[in-house]
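A short write-up of the structure that comes next.
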Amino acid sequence: MKLAQKLAIGVVFAMAAFGSAAHAAEVKIGLVVKSLGNGFFEAANKGAQEAAKELGDVEIIYTGPTSTTAEGQIEVINALIAQGVNAIAISANDPDAVVPALKKAAQRGIKVISWDSGVAPEGRILQLNPSSNDLIGKMCLTLVKDHLDGGKGDFAILSATTTSTNQNIWIEEMKKQLKDFPGLNLVTTVYGDDLSDKSYREAQGLMTSNPNVKVIVAPTTVGVLAASQAVKDAGKIGQVYVTGLGLPSEMAGAIKSGATKEFAIWNPIDLGYSAAQIAYHLVKGDTDGAPGSEIEAGRMGKIKVGDNGEAAMADPFVYNAENIDQFSKVF
Ligand code: RAM
């Protein structure tokens, strides 16, 4: 090969290398979660990455604080603004505290949506719920009832943080619908902050201070797992049951140990996938996301935004000894 040829090839390679290094995805979406290290959000990220791949030229920046605080999320939001993302899709640790930072993002042209745990309407274009809130409340009470002898007895709630939008709505729904479950007696609600160790200690505390509690219902994947472990370690399997919203992959052991007979959840992969799809179409200007609009969401079909600025996905699904092995491989 002649020297000139070699040089020409070298230049082409250099250009290609430079080109790929300089190439930034056309649409950058910050996927902000309550905290890192939560399997539920990791599954949602899997779905968001899948959507990005399908849509092409989309980068998902999966990010969140190390602990479930609004302060941590505000720092993350400011970093995403500085990075020049096109959209932010957030599951909020507090519906109000993140609003000023999100408003700042919106002023800079960033499309903001919330998903999973919502932001107050003034801080986002729309909220994507995994399912209808009253249905989730009813599902949690039904699970409690199914674990109680004769559908009667005392139960307690182990939640995430005190400011978590989604858990607070579901707890509210449970309280509202208690009248339809006359045998159930809600004794207390405690908060494990979606931290494994705190949730574990709260579950232990519940068992000591409320020996009549027969069921702990945790509408959080972190809480339900920690409580199952606490019941097992306390040697209380069969006396105290745990149920709520859990990931099959994390709860397989609790089904096997008998700490829980059944629990529920929706598909977190689909939720993350849909959030990314919606954010993308907002950036592209295919929709304004206003109440009444319908947004294309790839394999999930069209997602309709209700009059309240919220959209809801599928019904939760129940997992038990019969199907746990199959689904624990998925999420
Ligand atoms: C935890 C989080 C999340 C919630 C699930 C059920 O992972 O609190 O927000 O949707 O549980």
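Values in this text are rule-based calculations from the coordinates and carry no lab data. This one's a predicted model, so the numbers in the text were calculated from it and none came from an experiment. Glycine also receives a Cβ, built like all others from the backbone with ideal geometry; neighbour counts cover every protein chain displayed.
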Residue among Ile29, Ile88, Ile125 with the largest mean-square fluctuation in a Gaussian network model of the chain, springs linking Cα atoms under 10 Å = Ile125
query = One-quarter of the Cα convex hull surface for the chain, in nm²?
reply = 20.3
Rounded Å value of the spacing that divides the Cα centres of segment 135-206 and segment 255-310 = 24
request  = Taking the Cα centre of segment 133-265 as origin, work out the dipole magnitude from +1 charges on Lys and Arg Cβ and -1 charges on Asp and Glu Cβ, in debye rounded to 20.
outcome  = 300
note = Spelling it out for Asp94: with amide H atoms placed in the peptide plane at 1.01 Å from N, the residues 5 or more places away or on another chain with amide H under 5 Å from its amide H are Thr165
ask   = With +1 on each Lys and Arg Cβ and -1 on each Asp and Glu Cβ, how big is the dipole of the chain about its Cα centre, in debye rounded to the nearest 20?
value = 520
task = Of the options Phe317, Leu245, Ile255, report the single residue whose Cα projects farthest towards the positive end of the charge dipole of the chain (beta-carbon charges: Lys, Arg +1; Asp, Glu -1).
result = Ile255
task = Set Lys and Arg Cβ to +1 and Asp and Glu Cβ to -1, take the dipole of the chain about its Cα centre, and tell me which of Leu206, Asn38, Phe181 lies farthest positive.
result = Asn38
request  = For segment 191-199, just list the computed ³J(HN,Hα) in residue order, Karplus coefficients 6.51, -1.76 and 1.60, θ = phi - 60°, integers in Hz, with x standing in for Gly and Pro.
outcome  = 10, x, 6, 6, 10, 4, 5, 5, 4
note = Taking placed amide H atoms and a strict 5 Å upper bound, the residues 5 or more places from Phe263 or on another chain that come that close are Tyr319
ask   = In µm²/s, what is D for segment 133-265 at 20 °C and 1.002 mPa s, where D = kT/(6 pi eta Rh) by Stokes-Einstein and Rh is the Kirkwood radius from Cα pairs?
value = 153
inquiry  = From the phi angles alone, apply the Karplus equation (6.51, -1.76, 1.60; θ = phi - 60°) to segment 314-329 and give each ³J(HN,Hα) in whole Hz, x where the residue is Gly or Pro.
reply    = 7, 5, x, 10, 9, 10, 8, 4, 6, 10, 4, 5, 5, 7, 5, 7
query = Which listed residue (Ser228, Ser114, Ser67) has the Cα farthest towards the positive end of the charge dipole for the chain, taking +1 on Lys and Arg C-beta and -1 on Asp and Glu C-beta about the Cα centre?
reply = Ser67
C-alpha long axis of helix 3-22 to longest principal axis of the chain, angle in ° = 40
key: 5 angstrom amide H check on Leu126, placed H, neighbours 5+ away   = Ser114
note = Note, Ser114: beta-carbon cut-off 11 Å, +1 each Lys/Arg, -1 each Asp/Glu, net -1
request  = Enumerate the calculated ³J(HN,Hα) couplings along segment 216-223 in order (Karplus 6.51 cos²θ - 1.76 cosθ + 1.60, θ = phi - 60°), each rounded to whole Hz, writing x wherever the residue is Gly or Pro.
outcome  = 9, 10, 10, x, 8, 5, 6, x
query = GNM on the chain, C-alpha springs below 10 Å: top fluctuator among Gln167, Gln73, Gln107?
reply = Gln107
